[in-house]
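Have a look at the structure below, then the notes.
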Amino acid sequence: MKKFVVCITGASGAIYGVRLIEKLSEDHQVYLVVSSNGFIVIQRELGLDKEKFLSSLNKNVKVFDPYDITASIASGSRIVETEGVIIAPCSLGTLGSIANGVSQNLIHRVADVALKERKKLYLLVREMPFSLIHIENMKKVSLAGGIVASASPGFYHYPKTLDDLINFVVGKILDTFNIPHSLYKKWRAEETF
């Protein structure tokens, strides 16, 4: 069973993180950190209060307090046991903290540790447009080895529902970590590769 750290921040698009947790926790261990603003967005966008959301999680999900900097996943010796860290959605404030090495909470810390240990760090930013400051922060994270992606679904798979669009974005994250899925039809999937 592979291990992943998944973080949900207060950016709009909590459904991306929730769907990702659902898919990953089917077969893998998920270490989850949700910021206080992340819980607010989950409530507003998905209608799930904190208690209801936490009780809905699969048994393969272990939840960490976002301010517990003594958590096991705050250490490089434990992050190296994981496949990496995924922050979905990632607020631009979180991006800025990570890009500048400022660890104010466990989400920032696990991202910082992933970079220093050369583990995959995937930031799914959900904002538009970007200012030059945001772009510079994305550049810093990318140069440090992180992956920065926008929540931009493709349309070549002919999405018919909102779920199709969400699944495309989540599927692209899973692709980066070589996790097999059937969330969307890949480009020219009928051809052997």
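Please treat every number below as a calculation from the coordinates, not as lab data. Remember, it's a predicted structure, so these values are computed and weren't measured experimentally. We place every Cβ from the backbone using ideal geometry, glycine too, and count neighbours over all the protein chains shown.
Yes/no per residue for (1) out of contact with any strand residue (DSSP E or B) (no Cβ under 6 Å at 6 or more places or on another chain); (2) surrounded by 13 or more Cβ atoms within 10 Å (Cβ to Cβ); (3) at negative phi:
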| site | (1), (2), (3) |
| --- | --- |
| SER131 | yes, no, yes |
| HIS134 | yes, yes, yes |
| GLY146 | no, yes, yes |
| ALA149 | no, yes, yes |
| GLY171 | yes, yes, yes |
Q. Any idea how many residues of segment 1-32 are in contact with a Gly (Cβ under 7 Å, 6 or more places away or on another chain), surrounded by 24 or more Cβ atoms within 10 Å (Cβ to Cβ) and more than 20 Å from ILE73 (Cα to Cα)?
A. 1
Q.
Report every pair of residues separated by at least 6 positions or lying on different chains whose Cβ atoms are under 6 Å apart, first residue within segment 7-19 and within 14 Å of LEU57 (Cβ to Cβ), second assigned to a helix (DSSP H, G or I) and not hydrophobic (A, V, I, L, M, F, W, C).
A. ILE8/GLY17; ILE8/GLY38; ALA14/GLU45
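Here is a yes/no grid of residues against (1) closer than 23 Å to VAL170 by Cα; (2) assigned to a helix (DSSP H, G or I); (3) in contact with an Asp or Glu (Cβ under 9 Å, 6 or more places away or on another chain):
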| residue | (1), (2), (3) |
| --- | --- |
| TYR67 | no, no, no |
| ILE86 | yes, no, no |
| THR94 | yes, yes, no |
| GLU127 | yes, no, no |
Q) Somewhere in segment 39-48, is a residue in a loop (DSSP other than H, G, I, E, B) and polar (S, T, N, Q)? A) no
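Quick grid of which residues meet (1) assigned to a helix (DSSP H, G or I); (2) out of contact with any Phe, Trp or Tyr (no Cβ under 7 Å at 6 or more places or on another chain):
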position	(1), (2)
LYS52	yes, yes
ASN58	no, yes
VAL63	no, yes
ILE73	yes, no
GLU81	no, yes
(Q) Could you check segment 104-129 and list, in sequence order, the residues that are over 13 Å from the mean Cα position of the chain (by Cα), over 20 Å from PHE177 (Cβ atoms) and surrounded by 17 or more Cβ atoms within 10 Å (Cβ to Cβ)? (A) ASN105, LEU106, ARG109, GLU127
